[in-house]
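The numbers here are math on the coordinates, done by the rules we state, and not lab data. Computed from a prediction, not measured in an experiment: that's the story for all the values here. As a convention, Cβ positions derive from the backbone with ideal geometry for all residues, glycine included, and neighbour counts pool all protein chains shown.
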Amino acid sequence: MNIENTLNRAVKMLNKFNIKNPKLDSEILLSKAISKDRRYIILNSHEKINKKILFDFNNLIERRKKGEPIAYITNNKEFWNDSFYVDKNVLIPRPDTELIIDQVLTIFQKNKQLQLLDIGVGSGCILLSLLKERPNFFGTGIDISKKSINISKYNAKILQLTNRVKFYNSDVDNFKIGKYDLIVSNPPYIESVNLKYLERDVINFEPKLALSGGFDGFSKIRKVINKAAYLIKRNGKLILEIGFSQTEKVRKILKENGFYTNKVLKDYEKKDRCVVSTKI
Ligand SMILES: C[S@@+](CC[C@H](N)C(=O)[O-])C[C@H]1O[C@@H](n2cnc3c(N)ncnc32)[C@H](O)[C@@H]1O
């Protein structure tokens, strides 16, 4: 078997199981099995594949066939300017979440020095991307999941940011340490009844703890805003990712907690996704 036949067979298999991007996924997984990049796969389509690589590749395709996300199979996801280690214990970073990074960089200039808190840090994608962009930011990340904190720590080490970041395994309700100039959070915000409508790659594989916003979708957002009101300095910024239908209620909760809503930003589908607010 050469690269081309192997890929064609895998694409057919993934198609049969209704996987959305069978060609791209097969190329990525073969790159992983061969330990070369996708360019190599495309440029060397007549190269023969040995039995060991074929065996490893077939195992990867088996996992993808069952819906396991590519990012979990390859243990890698690109976010902003970096690659992050991910596995089934953390949410896979989403492109929409880059809106938070974009806003922070717009608001705070390159040399600004400040204390930053990320509530529900997950893989560390938001916090660590911001620390990389802003050399005088000092960061704290908290998460209720111990496994997610371990992954954030690992990503901080890979990105050489350990000297400017601290992590705590804590429920937001119990966290009391520090006063912050900037708080960011992408809390779980999906209503529990709607979890079953998520794509099977998401609901069957990503942690429920990272997705479920409780009965009305607001239980975690409310906790984050209530706690942020105590942990933030006066005039500090709170930047949140939200569900597209949650804007009005989030504005209300922010107001009740002494925050002024500066702006609401839309995602790639032109739906409300990110709220920038200031503590008054
Ligand atoms: C939607 S994920 C966001 C992860 C990451 N910040 C990102 O944007 O990809 C929400 C995170 O909040 C954490 N979380 C859920 N409930 C929490 C709580 N009560 N206190 C602290 N963290 C919580 C979850 O474990 C998960 O890592």
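Of everything in region 109-126, what is in contact with a strand residue (DSSP E or B) (Cβ under 7 Å, 6 or more places away or on another chain) and surrounded by fewer than 24 Cβ atoms within 10 Å (Cβ to Cβ)? Give them in sequence order.
Matches in region 109-126: Leu114, Gln115.
Could you tell me which residue of region 61-93 is surrounded by the most Cβ atoms within 10 Å (Cβ to Cβ), considering only residues that are in a helix (DSSP H, G or I) and charged (D, E, K, R)?
Arg64
Please work out if Asp96 is surrounded by 24 or more Cβ atoms within 10 Å (Cβ to Cβ), charged (D, E, K, R) and either within 10 Å of the ligand (Cβ to nearest atom) or assigned to a helix (DSSP H, G or I) (or both).
Considered against the rule, which asks whether it is surrounded by 24 or more Cβ atoms within 10 Å (Cβ to Cβ), charged (D, E, K, R) and either within 10 Å of the ligand (Cβ to nearest atom) or assigned to a helix (DSSP H, G or I) (or both), Asp96 comes out as no.
Could you list, in sequence order, all residues of region 127-160 that are within 18 Å of the chain's Cα centre (by Cα), hydrophobic (A, V, I, L, M, F, W, C) and buried (at least 17 other Cβ atoms within 10 Å of the Cβ)?
Residues satisfying the conditions are Leu127, Leu128, Leu130, Leu131, Ile142, Ile144, Ile149, Ile151, Ala156, Leu159.
Just one of (1) without any contact (Cβ under 8 Å) to a residue 12 or more places away in the chain; (2) within 16 Å of the ligand (Cβ to nearest atom) trips up Lys20, so point out which.
Only one criterion is unmet by Lys20, namely (2).
If I filter region 196-217 down to residues being of a type outside the set (Asp, Glu) and away from the ligand (no atom under 13 Å from the Cβ), which single residue comes out as surrounded by the most Cβ atoms within 10 Å (Cβ to Cβ)?
Of everything passing the filter in region 196-217, Phe205 is surrounded by the most Cβ atoms within 10 Å (Cβ to Cβ).
For Ile149, work out the one condition from (1) farther than 26 Å from Ser219 by Cα; (2) out of contact with any helix residue (DSSP H, G or I) (no Cβ under 8 Å at 6 or more places or on another chain) it doesn't fulfil.
Answer for Ile149: the failing condition is (1).
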